[in-house]
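Reviewing the structure listed below.
The values are calculated or read from the model by the stated rules, or taken from the named source; none is laboratory data. This one's a predicted model, so the numbers in the text were calculated from it and none came from an experiment. Neighbour counts run over all protein chains shown; Cβ positions are idealised from the backbone, glycine included.
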Amino acid sequence: MNIILFGAPGVGKGTQAKILSHVYHIPHISTGDILREAIKAETPLGIKAKVLMDKGNLVPDDVMNILASDLLSSERCKNGFILDGFPRTVGQAKALDDIFRTLNIHKFKVINIDVDRKIIIERLTDRFLCAGCGKIYNSTIDQFKAGDNCFKCGGKIFQRDDDKPETVIKRLEIYFETTEPVKKYYQRAHALLDVNGVGEIDEITQRLLSALGH
Ligand code: AMP
């Protein structure tokens, strides 16, 4: 099963990708998570990406295409994968076609998770994370303050720099200008499935599973 989860930041791609990864026993490949790990480890990629990511900008296509090619060619992806956060530009979508051709991958599903822009802004600015296990907290639902410890693993709860309100607006502008055209790219190829991303997490998982023919 080769799945590309598509949608604006904050539609729940990461949450759903983790669940689908357990259901199908395939790795969740999040380019955002990999870049954040590179930033933590202060690798050359991380140092380059940090300046761009903190401002809500995209990392250039040439860098991302090499990263995606390396990830998808790795042993862990040989039985399938869930790609989250890539492709984000039409250039990346074309590069992904080439990667698939090289790897002899002919079947894949692209699922677009659809959520209204106003709801996305609320979700992103309310979103906090545990630095230890990555658990997602919501400031309007969960009882916590930034700096508290995660109830699951004890790690510190923090807000991503790029989830601060001014950066969220910038990320959404970039999404609608640069990333949304990727939807049309896959629609033209009749490869896009649309799923409503508003509702309870379980409900959305069920919609995704039925779109995937589970
Ligand atoms: P995400 O966690 O998917 O929201 O990604 C966080 C940030 O990482 C994005 O705002 C971009 O700065 C960067 N990023 C992740 N994936 C890509 C990509 N495919 N192309 C360019 N930048 C990316």
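Data for the structure
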{"read-out": "Residue within region 39-47 that is in contact with a Pro (Cβ under 9 Å, 6 or more places away or on another chain) and either among the β-branched types (Val, Ile, Thr) or part of a helix (DSSP H, G or I) (or both) present", "value": "no"}
{"read-out": "Of the criteria (1) buried (at least 18 other Cβ atoms within 10 Å of the Cβ); (2) modelled with pLDDT of 95 or more; (3) near the ligand (Cβ under 10 Å from one of its atoms), which one Arg36 fails", "value": "(2)"}
{"read-out": "Any hit, region 167-184, residues being more than 17 Å from Gly85 (Cβ to Cβ) and not in a helix (DSSP H, G or I)", "value": "no"}
{"read-out": "Breaking point among (1) more than 16 Å from the ligand (Cβ to nearest atom); (2) part of a strand (DSSP E or B), for Asn112", "value": "(1)"}
{"read-out": "Pair list, Cβ under 7 Å, 6 or more apart: region 148-174 residue without any contact (Cβ under 8 Å) to a residue 60 or more places away in the chain, other residue surrounded by 15 or more Cβ atoms within 10 Å (Cβ to Cβ) and part of a helix (DSSP H, G or I)", "value": "Asp163/Leu124; Asp163/Thr125; Pro165/Thr125"}
{"read-out": "Selected residue [among the β-branched types (Val, Ile, Thr) and outside any helix (DSSP H, G or I)] from Val11, Val23, Val51", "value": "Val11"}
{"read-out": "Identity of the residue in region 58-88, near the ligand (Cβ under 7 Å from one of its atoms) and assigned to a loop (DSSP other than H, G, I, E, B), that ends up surrounded by the fewest Cβ atoms within 10 Å (Cβ to Cβ)", "value": "Leu58"}
